[in-house]
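Take a look at the structure set out below.
The values are calculated or read from the model by the stated rules, or taken from the named source; none is laboratory data. Quick caveat: nothing in here was measured; it's all calculated off a predicted structure. Here Cβ is always computed from backbone atoms with ideal geometry, including for glycine, and neighbour counts include all displayed protein chains. Just so you know, the surface numbers come from the protein's heavy atoms only, side chains and all, with ligands and any DNA or RNA stripped out. Shrake-Rupley method; radii C 1.70, N 1.55, O 1.52, S 1.80 Å.
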Amino acid sequence: FGFASIQNEFIHDSDYVQVSPRTWWRNLERGFEFDQNKFDTNNFYHPWNGALFYSTGRSTGLNFWESSSLAVAGSLLWECCGESQPMSWNDMVSTGLGGIARGEMSYRVGNLILDNTKTGRNRFLRELAAFPVSPNNQFNRFLSGRASDVTGNPVERQQDVPTFLR
């Protein structure tokens with residue numbers, strides 16, 4: 001909630017992120033509607049936020065389905081309690097399903113960039129290159145110490161890596 005709320009409040013001068021328990025209850029009482037967000041909001045920003053929810057799970061060891069539930073739950077939490085506008089079905093789909101698709105893609109591509117067997121400059125550059133692709137994964141790797149641990153690569157990663165990259 002933090003970064004999106006700050007960006008919307010102070011950069012975009014939007015008041016729809018001014019929420020309280022009163023707006024939460026009002027949203028729950030009104031139920032879901034279909035909103036008229038712009039194309040870029042529904043097709044870029046919502047899936048991007050859903051991908052952050054999703055990748056938080058993947059980067060902490062949850063599987064695809066467990067992480068998918070985080071994308072859907074995060075979307076529902078935002079629709080209910082993160083904004084003062086009525087909850088929206090199309091935002092739920094866009095954030096939930098779009099976030100799952102975008103999140104799994106960024107998780108896999110980020111892992112293709114990484115190589116846990118490398119050291120030194122090569123390792124640092126790979127960790128750095130994976131950050132914009134999968135920021136939650138890289139943040140968790142840094143916090144847990146996995147970003148500098150020299151170990152073997154996960155077996156599932158090896159199945160996804162083209163032979164010329166191994």
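Quick rundown of the values:
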read-out: For segment 13-95: relative contact order, % (alpha-carbon pairs under 8 angstrom, 6 or more apart); value: 49 percent
read-out: Neighbour-limited loop hits for trypsin sites (Lys or Arg not before Pro), segment 26-99 (at most 13 other Cβ within 10 Å; DSSP other than H, G, I, E, B); value: Lys38
read-out: Exposure ranking of Phe142, Phe32 by accessible area [1.4 Å probe, largest first]; value: Phe142, Phe32
read-out: Accessible surface ranking that places the most exposed of Asp35, Asp91, Asp40 first, with a 1.4 angstrom probe; value: Asp40, Asp35, Asp91
read-out: Packing-based ranking, highest mean first, of 115-126, 46-57, 92-103, 74-85 given that Cβ atoms within 10 Å are counted; value: 46-57, 92-103, 74-85, 115-126
read-out: Cut-off 13 Å, label 7 Å out along Cα→Cβ of Val150, residues of segment 103-127 by amide N; value: 116-124
read-out: Rg [Å, one decimal], Dmax [Å, integer] - segment 19-166, C-alpha atoms; value: 18.0, 57
